[in-house]
Amino acid sequence: MLALSITNGLVIGIIYALTALGVSLVVGIMNVINFAHGEFYILAGYFSYLFAHTMGLDPVVAMVLSIAAVFLIGIVVEYTLIRPTYGDDLYSLILTFILSIVMQSTFLLVFGPFPNKPPNWVKGATNVFGLFLYGNQRLAALIAGAAVIALFFAMLKLTWFGRMIRATSQDREMAELNGINTRRLNMLSFGMGCALAAAAGVILSPVFPVTPSAGVPVALTAFVCVVLGGMGSMWGCVAGGLVLGLVENLGAAFVSTGYKHVFMYLILILVLLIRPSGLFGRSET
Amino acid sequence: MLKVSGVDVYRGETQILWDIALEVSAGERVAILGSNGAGKSSLMAAITGVLPLRNGDIRFQGQSLAGLKPYQVTQLGIALVPEGRRVYKDMTVRENLEMGAFPKRGRPMLKGSMARVFELFPKLRERMHQRGGTLSGGEQQMLAIGRALMSLPELLLVDELSLGLAPRVTKEIYAALEGLGKETTVLMVEQNVELALKHSRRAYIVESGRVTRMGMSADLMDDTDIRRAYLGM
């Protein structure tokens, strides 16, 4: 029971971390809070369902296509909706909130209220360390999620694009003085933030099928992760995601499933009481 | 090389600079002096494209900089050592320098320019893998200069180099700047008038957003008004 809960917590935690990284990236670079983040997660799930189920593509090809499609849609959203609002953060807040509602209603119109599930990539179950039987699809989700996170961090550390992101989130004006076209970087990072949500969406949707409104708790959890881990810290997102995933599942297993979401906020409040800037956040000085 | 003519600059609705005119020729060291809030840093911001020009023009090697964004100005060969140094605190010394070489003109020479910066400031080599935020003030200033040099600028703008640094450290860094040679033209803004006059050939004095005096640094150093107003002698 303990080992099973921990594994469940890790699977969910990695997905939380992935979604939170997208939020953190967009907040860090653009100072925009994307309320429609969860809807991009769901959108990717629907795309993946369409490509794999309706069009009959290979599940992995369908996943990659879905992420690419959401990335492009993210870029279009930045260009048309977010770009005119720079200078006043409140506008983008309201705009993405409206976008979230519009997207949910569109999902409802197009796909209906029923859960849609892309096909599994793998079948069967594995006996983990001889302790319990665990669905292969969930294990695959854990590995895929961890792989995407590792790729993202490698990109941040090793590529020029990664350095651009880190420099700009630390000092936007200085980065511009160092030759970075921050306007274009905004567009790319918004697309990338959406793509990270999409990656989480395609990875988890075979396990938890998508419904039109299922993105709301996803985005909410991602925001909690970002605050818990510490605003602006990418490692904080990963730590925050894993902590939330574990606490939620252990709490559900040993206390009550009814309080599943209470644990999340309990942890948030406790951490903020002791470290107001989050687990890895630096205090403002 | 740099020609500023009739420049008016506003921050919001407030006018900060009035009809600024100044000129820097290739290979020269020129200082802009003035008290706190006189508009020296705003002038730097106007040259680098951070603040837009309301009137007038700034030309660099014959090309107008009006309307260009900071990242475009950098590509032309102007690099800024900003006030307060502004190193990337969470990036290592090496990564900070690499960011300096981000403009296309600097990137192919990255290795060579980094070796040159390390030669100029050997301390940075020792600290290569340390995060920028962990350096001392003087080392951060060296890093900020090194980062600016990484783009192989023809014109180096230095804003308030001595601010918050111990006199000994300031002296060391100015000596290093002297060692840059003629191929880098330097325009510096400095509150420490004595220091600035010592390290420049010509100087402009800015008061409440206007250029009030200019001349050879050596002459200004001997001027009684200036000695009384800025040097307290």
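Derivation of every value follows stated rules applied to the coordinates shown; laboratory data play no part. Bear in mind the structure is a predicted one, so any value in this text is a computation, not a measurement. Here Cβ is always computed from backbone atoms with ideal geometry, including for glycine, and neighbour counts include all displayed protein chains.
For the range A:75-169, trypsin sites (Lys or Arg not before Pro) are listed when DSSP marks them as loop and at most 16 other Cβ atoms sit within 10 Å of their Cβ; the list is A:Lys123. Note on B:99-107: average number of Cβ atoms from other chains within 10 Å of each residue's Cβ is 4. Charged neighbours of B:Met216, selected by a Cβ distance under 9 Å, balance to +1 (K, R count +1; D, E count -1). Counting 0.36 nm for each residue step from A:Leu4 to A:Val128 and taking away their Cα separation leaves a gain of 43.7 nm. Across peptide B:65-78, the mean count of Cβ atoms from other chains lying within 10 Å of each residue's own Cβ comes to 3. Between the amide H of B:Arg213 and those of B:Ile205, distances stay under 5 Å, these residues lying 5 or more places away or on another chain, with hydrogens modeled in the peptide plane. Neighbour counts of other Cβ atoms within 10 Å put A:Thr126, B:Thr14, A:Thr182 in the fewest-to-most order B:Thr14, A:Thr126, A:Thr182.
The fewest-to-most ranking of B:Glu119, B:Glu172, B:Glu154 by surrounding Cβ atoms within 10 Å reads B:Glu119, B:Glu172, B:Glu154.
Rounded to whole numbers, the Karplus 3J(HN,Hα) couplings from phi for the range B:118-126 are 5, 5, 5, 10, x, 4, 5, 5, 4 Hz, using 6.51 cos²θ - 1.76 cosθ + 1.60 with θ = phi - 60°, and x at Gly and Pro. Applied to the range A:122-129, the Karplus parametrisation 6.51 cos²θ - 1.76 cosθ + 1.60 on θ = phi - 60° returns per-residue 3J(HN,Hα) values of 10, 10, x, 9, 10, 8, 7, 6 Hz, with x for Gly and Pro. Considering only alpha-carbon pairs that sit under 8 angstrom and 6 or more positions apart, the relative contact order computed for the range A:2-274 is 40 percent. Taking label points 7 Å from Cα along the Cα-to-Cβ direction, B:Lys182 and A:His261 give a separation of 7.4 nm. Quick check on the protein assembly as shown: what does the Kirkwood estimate of hydrodynamic radius come out to from the alpha carbon pairs, in Å? With all distinct Cα pairs of the protein assembly as shown included, I get 25.6 Å.
Separation of the range B:17-87 and the range A:118-197, taken as the distance between their Cα centroids, equals 39 angstrom. Residue by residue, the range B:77-89 carries 3J(HN,Hα) couplings of x, 10, 10, 10, 9, x, 4, x, 6, 6, 6, 6, 5 Hz when phi is fed to the Karplus relation 6.51 cos²θ - 1.76 cosθ + 1.60 (θ = phi - 60°); x denotes Gly or Pro. Electrostatic bookkeeping for B:Leu161 treats Lys and Arg as +1 and Asp and Glu as -1; over the other residues with beta carbon under 10 Å from its beta carbon, the sum is -3. Summing Cβ point charges (Lys, Arg +1; Asp, Glu -1) relative to the Cα centre of the protein assembly as shown gives a dipole of roughly 940 debye.
Once the chymotrypsin sites (Phe, Trp or Tyr not before Pro) in DSSP loops with at most 16 neighbouring Cβ atoms within 10 Å are cut out of chain A, the longest remaining piece is A:130-285. Counting charges near A:Leu204 (Lys, Arg +1; Asp, Glu -1) among other residues having Cβ under 13 Å from its Cβ returns a value of +2. Put a plus charge on the Cβ of each Lys and Arg, a minus charge on the Cβ of each Asp and Glu, and nothing anywhere else: the dipole of the range B:1-74 about its Cα centre is then about 180 debye. Close amide-amide hydrogen proximity is noted between B:Val81 and B:Leu157, B:Val158, B:Asp159, each under 5 Å apart and 5 or more residues distant or on a separate chain (H modeled in the peptide plane; Pro and chain starts excluded). In the calculated pair-distance distribution of the range A:2-274, the portion above 27 angstrom amounts to 38 percent of the Cα-Cα pairs.
Exposure proxy for B:Glu98, B:Glu178: other Cβ atoms within 10 Å of each Cβ, ordered fewest to most, give B:Glu178, B:Glu98.
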